[in-house]
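K.L.:
The structure follows.
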Amino acid sequence: MYTAASFTAGFVFGLGLLVSGMANPAKVLGFLDLAGAWDPSLALVMAGAVAVAAGAFALMKKRTRTLLGAPVLLPTPRRIDRRLILGSLVFGVGWGLAGICPGPALVLSGTGSAKGLVFLAAMIAGNGIFEFFERRAARA
Amino acid sequence: MSIAWNAFTPASALIGGAIIGAAAALFAVLNGRIAGVSGILGGLARPQAGDISWRIAFVAGLIAAPLAWRLLAALPEIRVDTSYFTLASAGLLVGIGTRYGGGCTSGHGVCGVSRMSPRSIVATLAFMAAGFATVYVARHLISQ
């Protein structure tokens, strides 16, 4: 049941990325190009998403179980630290180079795009590098 | 700055955004989790019993979306002008950065901002600022 709900959520998320233009790297770069011919569309993607999701998160904040009875596992950390900021900056540089973030990387790969697959493979490699250093730090 | 009115697609952006928000809402209400793609994918690097299938299902859903779309209609325009070398470098940075920073456009951007999490709002401002700066350097300083 949870697996089916999870697949559905991923599927709907992917459709939203396709409809919104977030899965089109050229359009994402057009949004990030403030100094050029700026395409503000993606600000509206964010606005539309937040407007719909905010109510659901407000509801779940008050509950300990989901509608399916699963425990609510929303993040609790509140610390704004070096990791958060440095990691987000590094991510932003990669996002600005390609116009692709993790969700669209998977959708692009689903279209069979060779460039999407190369990006996804590199992203998974980056994940592996992160894991390697995290585990080494944990042992030290 | 000049606005590219010909490229501006307010209706599909708002509708697509609302669909993304609905997916995040569905996931929160049914599974009680954040629809953060980098975290969902990253968790597969440390597989734990009972914590694998929902992750694979979410990822499979994202990959299945364009496949299903194609059965019914032509896919919307998708253009990647970036070279393979730049894509590979960008992918590495996105893979490392999203894990180190604990989230990406979906987890921090959509879900975190919807929850009004101060952490996610700071992360979103940071990756957006870095994205704007990177495109500025790449398009207006280097490739003149």
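K.L.:
Express in whole angstrom the spacing between the alpha-carbon centres of region B:1-61 and region B:104-130.
P.N.:
The two parts, judged by their Cα centres, are 13 Å apart.
K.L.:
Cross-link candidates for A:Lys115: which lysines have Cα within less than 16 Å, leaving aside residues fewer than 8 places away along the same chain?
P.N.:
Result set, ordered by chain and number: A:Lys27.
K.L.:
Still on this structure, please answer the following. Using unit Cβ charges (K, R positive; D, E negative) and no other charged atoms, how large, in debye to the nearest 20, is the dipole of chain B about its Cα centre? Please list the in-between numbers first.
P.N.:
On the way: 9 positive and 3 negative charges, 52 e Å.
For this selection, approximately 240 debye.
K.L.:
Which shape class, rounded, prolate or oblate, goes with the protein assembly as shown when its Cα gyration tensor gives a ≥ b ≥ c as root eigenvalues, a/c under 1.5 marks rounded, and past that a/b bigger than b/c marks prolate?
P.N.:
Working: a/c = 1.41, a/b = 1.21, b/c = 1.17.
Rounded shape, in that the Cα axes give a/c under 1.5.
K.L.:
Quick check: from the Cα gyration tensor, does region A:42-87 come out rounded (a/c under 1.5), prolate or oblate?
P.N.:
On the way: a/c = 2.97, a/b = 1.19, b/c = 2.50.
Verdict is oblate for region A:42-87.
K.L.:
Between region A:45-116 and region A:1-39, what is the C-alpha centre distance in whole Å?
P.N.:
So the separation of the two Cα centres works out to 11 Å.
K.L.:
For a quick check: sort B:Trp5, B:Trp54, B:Trp69 by the number of other beta carbons within 10 angstrom, fewest at the front. Display every interim value, and only then the final one.
P.N.:
Numbers: B:Trp5 9, B:Trp54 23, B:Trp69 19.
Least to most surrounded, the residues fall as B:Trp5, B:Trp69, B:Trp54.
K.L.:
So, counting K/R as plus one and D/E as minus one, what does the shell of residues with Cβ under 15 Å around A:Leu89 add up to? Intermediate values should be presented prior to the final figure.
P.N.:
Working: positive: A:Arg82, A:Arg83, B:Arg99, B:Arg119; negative: A:Asp81.
It works out to a net charge of +3.
Every read-out reported here was derived from the displayed coordinates using simple, explicitly stated rules and does not represent laboratory data. Everything numeric here is computed off the predicted structure, so don't read it as measured data. Because the Cβ atoms are built from the backbone with ideal geometry, glycine has one as well, and the counts that use them run over all protein chains shown.
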